[in-house]
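Trainee: Take a look at this one; I'll ask things after.
The values are calculated or read from the model by the stated rules, or taken from the named source; none is laboratory data. These numbers were taken from a predicted model, which means no experiment stands behind them. Here the Cβ positions follow ideal geometry from the backbone for every residue, glycine too, while neighbour counts run over all protein chains shown. Ligands, DNA and RNA are stripped out before the accessible areas are found, and what is left, the full protein with its side chains, is counted by its heavy atoms. Shrake-Rupley method; radii C 1.70, N 1.55, O 1.52, S 1.80 Å.
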Amino acid sequence: WLLLLLPAPLLARSLLPATSQTSVAALRTPFVHEITRSNTTLTQPPARSWPLWLGLLAWALLLLASSRPQWLGDPIALPVSGRDLMLAMDISGSMQEQDFTLRGQRVTRIEATKAVANEFIQQREGDRIGLILFGDQAYLQAPLTFDRTTVQTLMQEAAIGLAGKKTAIGDAIGLGIKRMQGDDPNRVMVLLTDGANTAGEIDPVVAAGIAAEAGLKIYTIGIGADEMLVGGIFGTRRVNPSRDLDEETLETIATVTGGRFFRAHDTGELQQIYQLLDTLEPVEKGHSVFRPAIALYPWPLGVSIAVCLLILSLRSHRKPL
């Protein structure tokens with residue numbers, strides 16, 4: 001519709017009255033009658049038409065840019081589940097306990113969690129994935145997005161103690177509720193921790209009740225081995241590295257919100273849990289078509305500005321008659 005304004009400058013030129021000529025100084029001469037009687041005629045140089053055509057070109061390019069031209073790419077089919085999936089990961093001090101094994105080597109809990117969660121995210125094509133990290137406080141590391149690669153990268157950058165040494169489970173749930181508001185019933189949070197709620201402003205069970213009212217389903221995962229051999233001055237002794245894990249609270253959170261509680265004692269069990277989550281929360285429900293669009297307006301806009309600058313430059317270099 002904007003292109004209908006193309007003839008506007010010509011209409012304005014033909015319909016609007018011409019600008020009035022400004023008065024100039026006069027020179028009195030005693031032989032004016034002789035000048036008028038002479039056959040010599042003074043003619044004005046012919047008007048130049050190039051400013052008009054350049055102006056019309058600039059106007060046409062400006063309208064073309066204002067119409068927002070786009071280049072549409074080929075249609076791309078996207079599998080869409082309509083599911084928002086938020087991962088809440090504990091990065092408190094206890095997550096550096098080395099009671100997990102990965103590829104035959106002893107690793108910390110957070111290293112094993114990252115490795116397994118990375119595979120889980122890779123398989124969630126079509127879901128919007130988000131990431132919350134929590135320690136003394138909970139903060140959003142990655143908002144809900146289809147860009148799984150970015151979520152994986154931000155998860156790998158998470159470090160122990162980045163959010164404090166304690167564990168704020170309730171605050172993590174509260175932040176998840178805030179970031180996943182809406183009427184969509186397919187909203188899921190996977191909360192992974194190895195301890196009990198020792199920080200934060202919200203009680204985890206109270207937060208779970210709010211999540212249930214908001215329609216947010218929470219799956220909780222408690223990680224950590226039940227037994228571990230530790231060497232000391234008096235020899236090797238057996239300890240329970242998961243003595244601080246509050247399984248009862250995690251199970252209550254899952255039950256209240258309609259989810260499930262899982263216990264992962266090693267990497268293998270953790271992998272099985274994530275595989276089970278894929279079964280409980282299937283990925284693909286349908287397809288949608290996406291056509292990438294590239295905005296083309298900068299090109300005609302840039303040429304229009306260049307033409308205007310050319311007109312101004314040529315006018316400024318014109319010699320007065």
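Trainee: In whole Hz, with x marking every Gly and Pro, tabulate ³J(HN,Hα) for the stretch 173-179 from phi via Karplus 6.51 cos²θ - 1.76 cosθ + 1.60, θ = phi - 60°.
Mentor: So the Karplus estimates, Gly and Pro as x, are 5, x, 5, x, 4, 5, 7 Hz.
Trainee: Return the long-range amide H neighbours of Ile221 (sequence gap of 5 or more, or a different chain), with a cut-off of under 5 Å between placed amide H atoms.
Mentor: Leu191, Leu192, Thr193, Phe262
Trainee: Here's something else I'd like to know. What do you get for trypsin sites (Lys or Arg not before Pro) in the stretch 60-124 restricted to DSSP loop and a cutoff of at most 16 other Cβ within 10 Å of the site's Cβ? Could the numbers behind the result be given before it?
Mentor: Numbers: sites: Arg83, Arg103, Arg106, Arg109, Lys114, Arg124; in loops: Arg83, Arg103, Arg124.
Sites meeting the loop and neighbour criteria: Arg103.
Trainee: Also, I was wondering about something else. In Å², what does the accessible area per residue of the stretch 77-182 work out to with a 1.4 Å probe?
Mentor: On the way: 4370 Å² over 106 residues.
It amounts to 41 Å² per residue over the stretch 77-182.
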